Amino acid sequence: HIRIVLLFMILTGALVGQPLTASRSVLDASNAESSARPAPRDPLGLGTVSVGELRQPPEGRGLQLLRKAEENIARGETSRALEQLRAAAKETSAEPYALGMRGVLHLRQGNIDAALVELQAAVLLLPGVAANHSNLAYALGLRRHSEEALPHAKKALQLNPGSAKTRYVLAQILLQMGQREDAEFHLKRAAEQLPGARKLLTQYFNHAEQ
């Protein structure tokens, strides 16, 4: 089987090291929500999906476009990657993956509204991909749509229980909703792998940083 790894990034640079309270979360977007400004380039990490393991992996032109887009993403050529992903989305077998990748790129550029459109479509077409739900939850959190974000964060964790990144995103949303006890639980689990989670425990739950 032809195997290609698609990178679905959970972009949480804006979450790290900033104040967080139940009334105003670090998931808040700025007042200039519609403006396209670069997001902080300090991604929490990467989620991966092996297309070769799917029942109906992308094929033909769609696969080629996705691979070229990945290469351009790795080189930092975002504009070219977006063009290739736009073309890939017209190929039925590649459309769900192209949408997910485009959503991530829009998040990196600070285009939250565009990211939401792409990620919501990706979740509808590929509901079994944890990273899609995590990325959508994060984007919704930026808009303070916490109640809408919460089920996606929980679904992502259900699909990938070992993901510290997803627990971190879930904890941010829970804090946004004032659910401190549940948020603390997930932060403790995420803190085993993520410095950012340990920092939040230190700041908001009086845990001594190890």
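The values are calculated or read from the model by the stated rules, or taken from the named source; none is laboratory data. Values in this document were obtained by computation on a predicted structure and should not be read as measured data. Every residue, glycine among them, receives a Cβ derived from its backbone with ideal geometry; neighbour counts consider all protein chains shown. Only protein heavy atoms, including side chains, enter the accessible area calculation; ligands, DNA and RNA are left aside. Shrake-Rupley method; radii C 1.70, N 1.55, O 1.52, S 1.80 Å.
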**Message:** Tell me whether the stretch 194-202 contains one or more residues that are closer than 21 Å to ASN132 by Cα, open to solvent by 10 Å² or more (accessible area, probe 1.4 Å) and within 19 Å of the chain's Cα centre (by Cα).
**Reply:** yes
**Asked** How do the pairs read when you match residues in the stretch 176-189 that are closer than 18 Å to HIS145 by Cβ with residues anywhere that are part of a loop (DSSP other than H, G, I, E, B) and of a type outside the set (Phe, Trp, Tyr), using Cβ under 6 Å and keeping only pairs 6 or more apart or on different chains?
**Response** GLN176/SER25; GLN176/LEU27; GLY178/ALA22
**Failed criterion for LEU99 (all others in (1) open to solvent by 40 Å² or more (accessible area, probe 1.4 Å); (2) in a helix (DSSP H, G or I); (3) under 20 Å from GLY62 (Cβ atoms) hold)** = (1)
**Asked** Which residues, counting only those in the stretch 112-133, are over 20 Å from GLY162 (Cα atoms) and among the polar types (S, T, N, Q)?
**Response** GLN120
**Complete:** Listed by first then second residue, the pairs whose first member lies in the stretch 147-164 and is in contact (Cβ under 8 Å) with a residue 12 or more places away in the chain, whose partner is surrounded by fewer than 17 Cβ atoms within 10 Å (Cβ to Cβ), with beta carbons under 6 Å and at least 6 positions apart or on separate chains, are ALA164/GLN193
**Asked** Filter the stretch 110-128 for residues that are touching a helix residue (DSSP H, G or I) at 6+ places or on another chain (Cβ under 7 Å) and not in a helix (DSSP H, G or I); which is least open to solvent (accessible area, probe 1.4 Å)?
**Response** LEU126
